[in-house]
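Visitor: Let me begin by handing over the structure; questions about it come next.
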Amino acid sequence: MLVQTLDAVSRIDYPNFECVVVINNTPDPALWEPVEAHCRTLGERFKFLRVDKLDGYKAGALRLALAHTAPDAEIIGSIDADYVVEPDWLKDLVPLFADPSVGFVQAPQDHRDGDRSVMHCAMNAEYAGFFDIGMVQRNEVNAIVMHGTMILIRRAALEAVGNWATDTIVEDSDLGLAILEHGYIAHYTNHRYGHGLLPDTFDAYKRQRQRWAYGGFQLLRKHWRRLLPRVEGLSREQKREYGIGWLNWLGSDSIGVVVALLNIIWVPIVAFANIAVPDRILTLPIIATFTVSVIHFVTLYRLRVRVSPGQMLGAVCAAMAVQWTVARAVGMGIINESVPFLRTAKGGGTRKGPDFPAFWEAVIAVLLLVGALTLVMTNYKQVHEINIFALVLVVQSLPFIAAVMLATIEGTRFNSFAYWRAVETKAAALLPQRQVMQQVIAEPPKLPAENRIEAAQ
């Protein structure tokens, strides 16, 4: 995987660049020796560094790379080990730094293995929504989020804010926000200049989202004072985007899970104590919010994201499937100030995860559905508030059901495009016969004249 990345870097169409490769905390020679040998074959532009027991996770590796970067390098690019970059990446984007106020330029993340399985296709479509919708919107007010790959940074800005910070596990977003707080401008291009790999498994997908969500909570804790009125650094529009962004992502998922758990506790009280739920306060707002969210999601995807309706449906499932993961990460952020950096398993050489990575989601989904069924069966007086409350429980179960579905199909034939193509082929073979039968039903065959007379008699 890393050799593919290095080969792509060697093909970059730019006259003056170097590539610093850092292998940290990887003691197995079978993993790093081939990379070192390949760097030698690519020439003097490629510097290989290996260090064990390096603190600071990825931020520590980036700080080490910067220390070994040529002193006259003005622009620092960072790409993940799985990203195959396009040859014109630097040629197209480095000229933007002719404006001395530009601090960094971000290109989107994208992936080259979205056709690997149905689950990977859904994950890829979900990622695309953030880059084609959210980042484009935030770019309008100079409030984009820096992420750790396909990024170009002005070295002077990087050093002005104190380098990559090691006190969070999202060193990229932390650095980008710090650069914006120092008054620099950031640019975002929606053109894909590189393609990486998706998480290998659903468990890896959840682990990556857990790191992002927990890191987002760390950033909120670290930078919230910068969002207050009359505090210099960020503009009003930037404060709005970051504040609402954190509230919408971290807050909505967490509140959704908390309300679902509270409603599970409330079910026996409603079912067996004959206490109705005020529908205008506790039920209808949840249904309305869910409806508006789905319409909003579908509308923006149809306008901004180049995916098919099936891929859009997969994106909805993938987005809902991590609600419990995000809420759990926020809960961990409230309790713990720091957790270890979780590496996202990519490239196929992964160790086996849990037997069923959506266990707790399955438990909550079952409790919600059983609660809804209990309410309907015990509602002898047909109190409409209770029926609406049961409907709310079904709606609240959907994110947990989505997680169970993705975890269930993983490793089965239903996760294979080949299986669905075979089903489509069989359906197409039966289609002409079905059309003939429908035509026979719609227009019965005309009998000969003598037979029609006999039939009339």
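The values are calculated or read from the model by the stated rules, or taken from the named source; none is laboratory data. For clarity, every value in this text was computed on a predicted model and none was experimentally measured. As a convention, Cβ positions derive from the backbone with ideal geometry for all residues, glycine included, and neighbour counts pool all protein chains shown.
Visitor: Being within 24 Å of Asn336 (Cβ to Cβ) and either aliphatic (A, V, I, L, M) or assigned to a loop (DSSP other than H, G, I, E, B) (or both) is the filter here; which residues of the range 163-184 pass it?
Guide: Across the range 163-184, the qualifying residues are Trp164, Ala165, Thr166, Asp167, Thr168, Ile169, Val170, Leu175, Leu177, Ala178.
Visitor: Considering the range 152-168 alone, what residues qualify as being under 25 Å from Ile244 (Cβ atoms) and surrounded by 22 or more Cβ atoms within 10 Å (Cβ to Cβ)?
Guide: Thr168
Visitor: What are the residue pairs meeting all of these: first residue in the range 394-414, first residue more than 30 Å from Thr283 (Cα to Cα), second residue surrounded by 18 or more Cβ atoms within 10 Å (Cβ to Cβ), Cβ atoms under 6 Å, and 6 or more apart or on different chains?
Guide: The qualifying pairs are Ile409/Asn415; Glu410/Met119; Glu410/Phe202.
Visitor: Of all residues in the range 178-212 being within 12 Å of the chain's Cα centre (by Cα) and among the basic types (Lys, Arg), which is surrounded by the most Cβ atoms within 10 Å (Cβ to Cβ)?
Guide: Of everything passing the filter in the range 178-212, Lys206 is surrounded by the most Cβ atoms within 10 Å (Cβ to Cβ).
Visitor: When the range 365-377 is examined, which residues are found to be farther than 11 Å from Val267 by Cα and buried (at least 22 other Cβ atoms within 10 Å of the Cβ)?
Guide: Once the filter is applied, which keeps residues that are farther than 11 Å from Val267 by Cα and buried (at least 22 other Cβ atoms within 10 Å of the Cβ), the range 365-377 yields only Ala365.
Visitor: Restricting to the range 250-299, name every residue that is touching a Phe, Trp or Tyr at 6+ places or on another chain (Cβ under 9 Å) and either of a type in the set (S, T, N, Q) or over 22 Å from Leu373 (Cα atoms) (or both).
Guide: Leu250, Asp253, Asn263, Thr283
Visitor: Output the residues belonging to the range 1-44 that are closer than 20 Å to Gly347 by Cα and of a type in the set (Val, Ile, Thr).
Guide: Passing the criteria: Val3, Thr5, Val9, Val21, Val22, Ile23, Thr26, Val35.
Visitor: Quick one: how many residues across the range 130-162 are under 18 Å from His195 (Cα atoms), outside any loop (DSSP other than H, G, I, E, B) and free of Cβ contacts under 8 Å to residues at least 60 places away in the same chain?
Guide: 3
For (1) at pLDDT below 95; (2) polar (S, T, N, Q); (3) at negative phi; (4) not in a helix (DSSP H, G or I), each residue gets a yes or a no:
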| site | (1), (2), (3), (4) |
| --- | --- |
| Ala186 | no, no, yes, yes |
| His195 | no, no, yes, yes |
| Leu220 | yes, no, yes, no |
| Trp224 | yes, no, yes, no |
| Pro229 | yes, no, yes, yes |
| Ile244 | yes, no, yes, no |
| Trp249 | yes, no, yes, no |
| Ser254 | yes, yes, yes, no |
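Visitor: Out of the residues in the range 58-78 that are touching a helix residue (DSSP H, G or I) at 6+ places or on another chain (Cβ under 7 Å) and assigned to a loop (DSSP other than H, G, I, E, B), state the one that is farthest from Thr26 (Cα to Cα).
Guide: Glu74
Visitor: Which one is surrounded by the most Cβ atoms within 10 Å (Cβ to Cβ) among residues in the range 1-38 that are in contact (Cβ under 8 Å) with a residue 24 or more places away in the chain, of a type in the set (A, V, I, L, M, F, W, C) and out of contact with any helix residue (DSSP H, G or I) (no Cβ under 7 Å at 6 or more places or on another chain)?
Guide: Val9
Visitor: As an exercise: evaluate Ile281 against (1) aliphatic (A, V, I, L, M); (2) surrounded by 16 or more Cβ atoms within 10 Å (Cβ to Cβ); (3) part of a helix (DSSP H, G or I); (4) at pLDDT below 90 and give the number of the one condition it does not meet.
Guide: Result: Ile281 passes all but (2).
Visitor: In addition: Could you list, in sequence order, all residues of the range 224-250 that are surrounded by fewer than 15 Cβ atoms within 10 Å (Cβ to Cβ) and not polar (S, T, N, Q)?
Guide: Matches in the range 224-250: Trp224, Arg225, Leu228, Pro229, Arg230, Val231, Glu232, Arg236, Glu237, Arg240, Ile244, Leu247.
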